[in-house]
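**Q** Questions regarding the structure given below will be posed in turn.
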Ligand code: 5GP
Ligand code: MG
Ligand code: MG
């Protein structure tokens, strides 16, 4: 695969251990919030949330169904497109159901704001959202996820499902990209 980016290294920002510990505590809060639900639909936003959702649902002591939605935002670059489109819809119905949307990062906020509006139009009983990472400094629309794993500064990060040019999703930790030239 050709590389169209300058050389870079990845500096670890959040260890795999810290992520695991945070997910355990988030899962307890979520299980409390949705206690008694007959089936929670956990919706992962492709592709960045695939590792997070896999770890999160395994810590959730609730009956869950897993579904996926793909929304376009960043493409392969480092700048947000702002215009959000739904590229892949859910497979299942969410009307009258409890839904938890799982996202990797809230950055400008456009993606989750749009996805939330899109899903609310289907009249779920309850809709909540969780993002592993939040960059509040970059917010352009007023959006707040119900749960956040970690607040981070305005740095471009990769790992734990999150890519740069489709690479580095398999790193077990979150790291920041540092260009060496
Ligand atoms: P938003 O619509 O909130 O600006 O963008 C959210 C999406 O932008 C995230 O789901 C993620 O795909 C992408 N994004 C935001 N910040 C970063 C980052 O630091 N690294 C990577 N790889 N993607 C990011
Ligand atoms: Mg994303
Ligand atoms: Mg991406």
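The values are calculated or read from the model by the stated rules, or taken from the named source; none is laboratory data. Worth saying up front: this structure is predicted, and the values here are computed from it rather than measured. When we count neighbours, we look across all protein chains shown, and the Cβ atoms used for this are built from the backbone with ideal geometry, even at glycine.
**Q** Test of understanding: among 56, 69, 133, which residue is touching a helix residue (DSSP H, G or I) at 6+ places or on another chain (Cβ under 8 Å) and within 11 Å of ligand 2 (Cβ to nearest atom)?
**A** 69
**Q** For region 151-175, how many residues meet the condition of being assigned to a strand (DSSP E or B) and either modelled with pLDDT under 95 or surrounded by 17 or more Cβ atoms within 10 Å (Cβ to Cβ) (or both)?
**A** Qualifying residue count, region 151-175: 7.
**Q** If a residue has to be more than 16 Å from ligand 1 (Cβ to nearest atom) and either over 16 Å from residue 147 (Cα atoms) or touching a residue at least 24 places away in the same chain (Cβ under 8 Å) (or both) to count, how many in region 36-76 make the cut?
**A** Of the residues in that region, 19 qualify.
**Q** Continuing with this model, one more query. Please go through region 110-137 and pick out each residue that is outside any loop (DSSP other than H, G, I, E, B) and loosely packed, with under 15 Cβ neighbours inside 10 Å.
**A** 117, 120, 126, 136, 137
**Q** Looking at 178, 82 in this structure, which one is assigned to a loop (DSSP other than H, G, I, E, B) and in contact (Cβ under 8 Å) with a residue 40 or more places away in the chain?
**A** When all the criteria are applied, what remains is 82.
**Q** For residues that are over 17 Å from residue 158 (Cβ atoms) and either over 12 Å from the mean Cα position of the chain (by Cα) or within 16 Å of ligand 3 (Cβ to nearest atom) (or both), tally how many sit in region 17-54.
**A** 25
**Q** Please find, among 122, 167, 138, the residue that is without any contact (Cβ under 8 Å) to a residue 24 or more places away in the chain and either over 13 Å from the mean Cα position of the chain (by Cα) or within 14 Å of ligand 2 (Cβ to nearest atom) (or both).
**A** Criteria check complete, one pass: 167.
**Q** Just to be sure, is residue 10 at pLDDT 95 or above, surrounded by 12 or more Cβ atoms within 10 Å (Cβ to Cβ) and farther than 25 Å from residue 119 by Cβ?
**A** Judged against the criteria, residue 10 is a match.
**Q** Still on this structure: Among 106, 84, 64, which is over 24 Å from residue 6 (Cα atoms), surrounded by 15 or more Cβ atoms within 10 Å (Cβ to Cβ) and at pLDDT below 95?
**A** Among 106, 84, 64, only 84 is over 24 Å from residue 6 (Cα atoms), surrounded by 15 or more Cβ atoms within 10 Å (Cβ to Cβ) and at pLDDT below 95.
**Q** Does residue 103 meet the test of being under 25 Å from residue 32 (Cβ atoms) and within 14 Å of ligand 3 (Cβ to nearest atom)?
**A** Criteria met by residue 103.
**Q** In region 141-153, how many are free of Cβ contacts under 8 Å to residues at least 40 places away in the same chain and within 18 Å of residue 48 (Cα to Cα)?
**A** Going through region 141-153 one residue at a time, the tally reaches 1.
**Q** Same structure again: Does residue 91 meet the test of being modelled with pLDDT of 95 or more, surrounded by 14 or more Cβ atoms within 10 Å (Cβ to Cβ) and farther than 24 Å from residue 169 by Cα?
**A** Considered against the rule, which asks whether it is modelled with pLDDT of 95 or more, surrounded by 14 or more Cβ atoms within 10 Å (Cβ to Cβ) and farther than 24 Å from residue 169 by Cα, residue 91 comes out as no.
**Q** Here are the criteria: (1) over 29 Å from residue 165 (Cα atoms); (2) surrounded by fewer than 17 Cβ atoms within 10 Å (Cβ to Cβ). Tell me which single one residue 37 does not satisfy.
**A** (2)
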